[in-house]
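Undergrad: Sharing a structure with you now.
Every number in this text was worked out from the coordinates using simple rules, so none of it is lab data. Because the structure is predicted, anything quoted here is derived from the model rather than measured. Don't worry about glycine lacking a Cβ; one is built from the backbone with ideal geometry, like all the others, and counts go over all protein chains shown.
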Amino acid sequence: MKVIKFGGSSLASAQQLIKVKDIVKSDPTRRFVVVSAPGKRDNDDIKVTDALIKYYKAYTSDQDVSEIQDWIIRRYQSIIDELNLGSKILSKISDSIKKLATEPIEDNDFLYDTFLAAGEDNNAKLIAEYFTKSGVPARYIHPKKAGMFVTSEPGNARIIPSSYDKLEALREYEEVLVIPGFFGVTVDNQICTFSRGGSDITGSIVAAGVKADLYENFTDVDGIFAAHPGVVHKPHSISELTYKEMRELAYAGFSVLHDEALIPAYRGRIPLVIKNTNNPEHPGTKIVLSHEGPQLPVVGIAGDDKFVSINISKYLMNREVGFGRKVLQILEDLHIRWEHMPTGIDDMSIVIRERELTPIKEQEIISQLTRKLEVDEVSIQRGLSIIMLVGENMKSHIGVTAAATKALSERDINLVMISQGSSEVSVMFVIETEQEKKAVRALYKEFFTESSD
Ligand code: ASP
């Protein structure tokens with residue numbers, strides 16, 4: 001049994017829905033279909049979810065809602081008309097969109113989530129109707145009925161573990177089940193969404209719950225590329241990644257899949273594949289628990305910017321018991337999350353995301369390090385990027401870092417810091433942001449093209 005999830009761009013128009021139906025129809029083991037809200041049809045369009053945000057804002061600020069309400073209803077209507085689905089489903093969807101503007105505003109922590117969830121909920125109703133009419137018997141199922149119970153954290157829900165047992169019962173249905181993604185229901189019966197892009201999470205949870213053999217995540221690209229296509233010209237798509245490799249790449253900016261979506265499938269030991277609705281013949285990228293067969297040492301290269309380093313020096317730092325803890329305590333007290341911590345004998349650097357460091361916090365860190373910990377030097381280095389070279393097979397290859405540093409040095413790229421954990425899933429280089437693109441291109445050339453210049 002397979003769980004198949006379609007993203008917004010795969011569901012943006014009648015033409016896209018025809019492709020989706022053909023994909024589901026072509027494989028009878030595709031039994032659970034998780035859907036997003038209709039996405040953008042072109043660059044100038046807006047996503048239904050974003051239109052629902054506008055609708056929410058108009059409603060809660062006591063403005064006229066009719067224009068945005070009509071826009072949303074017409075968005076579904078154009079799909080319904082083109083697919084000849086009739087007026088019954090249209091009035092169902094229209095009523096549900098209009099009903100939002102009758103929900104109580106006061107003391108309603110879940111109103112925003114209720115508005116947003118309507119995008120996927122109505123799309124699931126529409127798609128189940130379309131499938132059934134085109135010869136794929138299907139049933140729409142609300143997350144509450146499916147057993148998708150979540151924590152009461154508006155806009156940031158997490159699944160309640162007991163939901164998995166309830167979801168397993170979905171295996172009993174005869175029809176293809178169409179499940180709206182992105183939200184669940186709290187124990188108090190409130191609609192609560194995951195964070196944005198969260199339909200991927202629903203798909204992963206359903207896959208783990210029904211103990212699927214495969215979770216297929218359909219989007220609008222041929223899987224995950226070995227480097228960002230905006231940086232490297234036509235990078236190749238990766239055929240297989242492990243969950244660990246995917247996590248490392250997602251951390252450094254590969255955003256094809258919501259990062260929280262990896263965990264349920266990983267824990268349920270369900271393989272995942274990322275495929276393209278517009279090119280379903282392409283095998284896509286498979287995400288597996290471990291590689292079988294020979295693999296290249298490096299699977300992907302990611303770069304991400306907006307990092308800052310706090311550089312600290314103190315003579316005989318290594319002799320001072322508890323020094324590291326005291327430094328980290330300063331950050332903890334200021335609620336600052338740190339990312340990496342390369343060290344020397346008498347110095348340490350703490351790499352954090354730029355957004356964590358407000359001017360006031362920066363002042364506070366410098367003052368505490370100087371006064372309380374009596375450091376010799378402290379400086380804040382901005383404008384840094386990280387480059388991650390990712391591949392679980394690096395551990396069985398000698399010379400990967402040597403080849404990388406040679407490629408970087410040949411392009412005059414200065415390495416500010418280097419870090420590699422003992423699991424050897426990735427090597428991270430910290431460099432200046434202005435050299436980031438050049439570095440990614442150099443490494444791509446080194447590891448993925450036959451001849452390097
Ligand atoms: N529609 C939601 C969003 O735009 C969730 C999703 O598409 O996964 O964030």
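Undergrad: Under 12 Å from the Cβ of Val48, count the other residues' Cβ atoms, weight Lys and Arg +1, Asp and Glu -1, and hand me the total. Before the final figure, lay out each step's value.
TA: Working: positive: Lys40, Arg41, Lys47, Lys54, Arg74, Arg75; negative: Asp45, Asp50, Glu120, Asp121.
Residues near Val48 contribute +2 overall.
Undergrad: Follow-up. When only alpha-carbon atoms count, how far does segment 116-233 stretch along each of its three principal axes, as whole angstroms with the largest first?
TA: Reported extents, whole Å, longest axis first: 48, 39, 28.
Undergrad: If you put +1 on each Lys and Arg Cβ and -1 on each Asp and Glu Cβ, how big is the dipole of segment 202-278 around its Cα centre, in Debye rounded to 20? Spell out each step's value before the answer.
TA: Values: 7 positive and 9 negative charges, 34 e Å.
Dipole about the Cα centre, nearest 20: 160 debye.
Undergrad: With +1 on the Cβ of every Lys and Arg and -1 on the Cβ of every Asp and Glu, and nothing else charged, how large is the dipole of the chain about its Cα centre, in debye rounded to the nearest 20? Numbers along the way, then the final one.
TA: Working: 54 positive and 65 negative charges, 207 e Å.
Once rounded to the nearest 20, the dipole reads 1000 debye.
Undergrad: Still on this structure, I have one more. So which aspartates and glutamates can Lys144 reach, going by Cα to Cα under 15 Å and dropping same-chain residues fewer than 8 places off?
TA: Asp113, Glu120, Asp121, Asp165, Glu168, Asp188
Undergrad: Now a separate question. Calculate for the chain the 222 nm mean residue ellipticity that helices alone would give, adding -39,500 (n - 2.57) per DSSP H run of length 4 or more and normalising by residue count, nearest 500 deg cm²/dmol. Could you put the intermediate results ahead of the total?
TA: On the way: 14 runs with 162 residues, N = 453.
Calculated mean residue ellipticity at 222 nm is -11000 deg cm²/dmol.
Undergrad: Over segment 366-434, what portion of Cα pair distances is larger than 14 Å, expressed as a whole percent? Walk me through the intermediate numbers first.
TA: Working: 1567 of 2346 pairs.
Result for the distance tail: 67 percent.
Undergrad: Next question, about the same structure. If you place +1 on the Cβ of every Lys and Arg, -1 on the Cβ of every Asp and Glu, and leave all else neutral, what size is the dipole of segment 64-196 about its Cα centre, to the nearest 20 Debye?
TA: Values: 15 positive and 21 negative charges, 91 e Å.
Dipole of segment 64-196, to the nearest 20 debye: 440 debye.
Undergrad: Cα to Cα, under 27 Å, and not fewer than 8 places away if on the same chain: which lysines meet these conditions relative to Lys406?
TA: Filter leaves Lys234, Lys244, Lys306, Lys395, Lys437, Lys438, Lys445.
Undergrad: What list do you get for Arg267, Arg319 if you sort them by fewest beta carbons within 10 Å? Walk me through the numbers before you get to the answer.
TA: Values: Arg267 13, Arg319 10.
Fewest to most other Cβ atoms nearby, the residues stand as Arg319, Arg267.
Undergrad: Output the Cα-based Rg and Dmax of the chain in Å, rounding Rg to one decimal and Dmax to a whole number.
TA: 24.8, 78
Undergrad: Kirkwood Rh over Cα pairs of segment 158-289 into Stokes-Einstein at 10 °C, 1.306 mPa s: D in µm²/s?
TA: Details: Rh = 15.6 Å.
For the chosen part, D equals 102 µm²/s.
Undergrad: Could you tell me which of Tyr112, Val20, Thr242 has its Cα farthest along the dipole of the chain towards the positive end, charges placed at Cβ (Lys, Arg +1; Asp, Glu -1), taken about the Cα centre?
TA: The residue sitting farthest along the positive end of the dipole is Val20.
Undergrad: Separate question: Compute the separation of the alpha-carbon centres of segment 391-432 and segment 34-62 and state it in Å as a whole number.
TA: The distance from the Cα centre of segment 391-432 to that of segment 34-62 comes to 42 Å.
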